[in-house]
Amino acid sequence: MLPRGRTPLGEALDLVNELLADEDVISRRAFTPTLVLVSDGLPNDDWRGSLERLLASPRGGKAVRLAVGVGQDMDDEAFDVLRAFIDDPVIQPVRADEAHLLSRYFSWVTMSVTARARSARPNDTSHMSFDELEDLLG
């Protein structure tokens, strides 16, 4: 499937990487970031090199990365782009039209960030599974 709109993912990833590296924007003492990509998964620029640079960067590589697929053209190829951004087999992208999963997804982000904020090691990016979240929420 060919992209029909403008989705400059590589440009966006380069911008995120610049912002993460800028200590005037994000202090060195800040928690490890959580990045959320909302995309149709159909980039129309050269995004792979930008993603490699983000994953190799100190903050981008440690960041918890999540992705939400939007649009009717979300197929396996589009989800592969989102999975590449996440780069973690434990975390899978969700579709924007799966409202029940979106709520669970962002609850998981909130719980993970809260747990990290209370931790003696706040930059530990070990993950709380969705199943653990379900247990906590009852």
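For this structure, a couple of remarks:
- V25 versus S57: modelled label distance in nm, points set 7 Å from Cα along the beta carbon direction: 0.7
- The phi torsions of the range 24-36, fed into the Karplus equation with coefficients 6.51, -1.76 and 1.60 and a -60° offset, translate into couplings of 6, 8, 10, 4, 4, 8, 5, 4, 4, x, 10, 10, 10 Hz, rounded to whole numbers, with Gly and Pro shown as x.
- ³J(HN,Hα), Karplus 6.51/-1.76/1.60, whole Hz, each residue of the range 56-66, x for Gly, Pro: 7, 6, x, 7, x, x, 8, 4, 7, 10, 10
- Net lengthening on full extension, L15/S103 (0.36 nm per residue, minus Cα-Cα): 28.9 nm
- Per residue, the convex hull volume that the Cα atoms of the range 20-103 enclose (Å³): 113
- Per-pair calculated FRET efficiency, R0 = 22 Å: V36 and E77 via Cβ, rounded to 0.05: 0.60
- Coupling constants for the range 70-81 follow from the phi torsions by the Karplus curve (6.51 cos²θ - 1.76 cosθ + 1.60, θ = phi - 60°), and in residue order they are 10, x, 7, 8, 5, 10, 4, 5, 5, 5, 4, 5 Hz; glycine and proline get x.
- Other-chain or far-sequence residues with amide H under 5 Å of R95's (modelled H): G69
- Nonlocal amide H pairs with L66, under 5 Å, H built at 1.01 Å: L35, V36, L37
Every number in this text was worked out from the coordinates using simple rules, so none of it is lab data. Just so it is clear, the model here is predicted, and its values are computed rather than measured. Note that we place each Cβ from the backbone using ideal geometry, even for glycine, and neighbour counts take in every protein chain shown.
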